[in-house]
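These notes concern the structure reproduced below.
The values are calculated or read from the model by the stated rules, or taken from the named source; none is laboratory data. Here the structure is a predicted model, which is why all the values come from computation and not from measurement. Cβ placement follows ideal geometry from the backbone for every residue including glycine, while neighbour counts extend to all protein chains displayed.
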Amino acid sequence: MSEKKIWAMYFSPTGTTEKIAVHIADELAAVNPKAAKGPAKRFDFTLPGARAEGKQFTEDDAVVFAVPVYAGRVPNVLLKYLDTVQGGGALAIPVVLYGNRNYDDALIELRNILEKNGFHTVAAAAFIGEHSFSKILAAGRPDDKDMALAKAFASKIVLEDRGPIQVRGEDPIRGYYQPRDRNGVFIDIRKVKPLTSDQCDHCMLCARVCPMGSIAFDNPESFTGICIKCGACVKKCPKGAKYYEDEGYLYHKQELEEIYTRRAEPELFFE
Ligand SMILES: Cc1cc2nc3c(=O)[nH]c(=O)nc-3n(C[C@H](O)[C@H](O)[C@H](O)COP(=O)(O)O)c2cc1C
Ligand code: SF4
Ligand code: SF4
């Protein structure tokens, strides 16, 4: 059998998914006897331009395929694009990053999508990343301990199809996680968007990093499309000028910060 080209393929608005995916892929490329020599290749599909065309792998590839968890699932805005990524018999390692609450059915959903599209999943993992909504929930994660675990995980991966990897999650997959207010009423944050304070100096970084391409390039306060609350513009703005004012969003953020203070640990699946 030919050597496998190792890839890290990821969607990562605030960088935690990228950090883990690249680390696993680099380690896999470095230590796996079936890996082709040289560093892992990267395919970052965070920005809309990268998702303009489908992607085709072959059985000579092995792909660490990583997405963040949104509402306990694979981000729904990615579903159409993911169906344009064809495995062609490639091996895949589905990986999800979640913000210390739970990954619910995101990992099993990602595994199923990859299997359906011609990948053979051989291992899988759920890691924890600083929550997109918060600076204190899982702050700084993945941290050194997570990175050491990711490295150990990569070193144990067997690049051989032995049937779909078994992961935690329910199948049929459950609905999207829905935040609720103190009266148990569903908080609908779908239309919420970050605002821009007068600290803004019009550097336009936010427009360049928005994965939906939704911030107008000539006016950072203006939206040209949907907002998925990914946190990229808020966390990357050098002036700290992006913020939320929506009561429901802020209530949900604070509740998450208050409830999920325990340290969730990564879960690794090998067979
Ligand atoms: C819209 C949205 C929904 C989210 N839902 C969940 C969730 O259900 N459970 C959870 O633990 N984290 C959730 N998160 C947090 C992200 O999964 C987490 O912060 C992840 O590390 C972000 O990845 P990135 O840094 O690659 O953008 C959500 C984030 C966003 C933006
Ligand atoms: S990144 Fe911040 S400072 Fe730059 S344009 Fe956007 S809001 Fe303004
Ligand atoms: S506008 Fe919304 S989708 Fe775009 S970067 Fe900001 S939070 Fe993410």
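Can we say Lys193 is of a type in the set (D, E, K, R) and either within 16 Å of ligand 2 (Cβ to nearest atom) or free of Cβ contacts under 8 Å to residues at least 60 places away in the same chain (or both)? Quick ask: steps written out before the conclusion?
On the way: of a type in the set (D, E, K, R): yes; either within 16 Å of ligand 2 (Cβ to nearest atom) or free of Cβ contacts under 8 Å to residues at least 60 places away in the same chain (or both): yes.
It is true that Lys193 is of a type in the set (D, E, K, R) and either within 16 Å of ligand 2 (Cβ to nearest atom) or free of Cβ contacts under 8 Å to residues at least 60 places away in the same chain (or both).
Would you confirm, using the coordinates I've provided, whether Glu109 is closer than 24 Å to Phe186 by Cα and among the acidic types (Asp, Glu)? Let's see the steps before the verdict.
Details: closer than 24 Å to Phe186 by Cα: yes; among the acidic types (Asp, Glu): yes.
So Glu109 passes the test.
Taking region 240-255, which residues are away from ligand 3 (no atom under 14 Å from the Cβ) and either of a type in the set (A, V, I, L, M) or surrounded by 15 or more Cβ atoms within 10 Å (Cβ to Cβ) (or both)? Explain how you work it out, then say what you get.
Taking region 240-255 and keeping what is away from ligand 3 (no atom under 14 Å from the Cβ), we get 247-248, 250-252, 254-255.
Those that are away from ligand 3 (no atom under 14 Å from the Cβ) and either of a type in the set (A, V, I, L, M) or surrounded by 15 or more Cβ atoms within 10 Å (Cβ to Cβ) (or both): Gly248, Leu250, Tyr251, His252, Glu255.
Based on what the data block shows, is Ile228 modelled with pLDDT of 95 or more, surrounded by 15 or more Cβ atoms within 10 Å (Cβ to Cβ) and within 11 Å of ligand 3 (Cβ to nearest atom)? Before the answer, list the steps.
Numbers: modelled with pLDDT of 95 or more: yes; surrounded by 15 or more Cβ atoms within 10 Å (Cβ to Cβ): yes; within 11 Å of ligand 3 (Cβ to nearest atom): yes.
Judged against the criteria, Ile228 is a match.
Looking at region 198-211, can you tell me whether even one residue there is part of a loop (DSSP other than H, G, I, E, B), within 16 Å of ligand 3 (Cβ to nearest atom) and closer than 20 Å to Tyr98 by Cα?
yes
Considering only region 175-185, I want to know if a residue exists there that is among the basic types (Lys, Arg), over 25 Å from the mean Cα position of the chain (by Cα) and over 25 Å from Val69 (Cβ atoms).
no
Can you say whether Phe217 is among the aromatic types (Phe, Trp, Tyr) and within 15 Å of ligand 2 (Cβ to nearest atom), as far as the supplied structure shows? Before the answer, list the steps.
Details: among the aromatic types (Phe, Trp, Tyr): yes; within 15 Å of ligand 2 (Cβ to nearest atom): yes.
Yes.
Which residue, of Leu97, Leu114, is under 21 Å from Phe57 (Cα atoms), touching a Phe, Trp or Tyr at 6+ places or on another chain (Cβ under 8 Å) and not in a loop (DSSP other than H, G, I, E, B)?
Values: Leu97 fails: under 21 Å from Phe57 (Cα atoms).
Residue meeting the stated conditions: Leu114.
Yes or no: region 172-193 includes at least one residue that is within 15 Å of ligand 1 (Cβ to nearest atom), touching a Leu at 6+ places or on another chain (Cβ under 6 Å) and not polar (S, T, N, Q). Don't jump to the end; show me each part of the working.
First, the residues of region 172-193 that are within 15 Å of ligand 1 (Cβ to nearest atom): 173-180, 186-193.
With touching a Leu at 6+ places or on another chain (Cβ under 6 Å) added as a condition, the list becomes none.
No, every residue in region 172-193 fails to be within 15 Å of ligand 1 (Cβ to nearest atom), touching a Leu at 6+ places or on another chain (Cβ under 6 Å) and not polar (S, T, N, Q).
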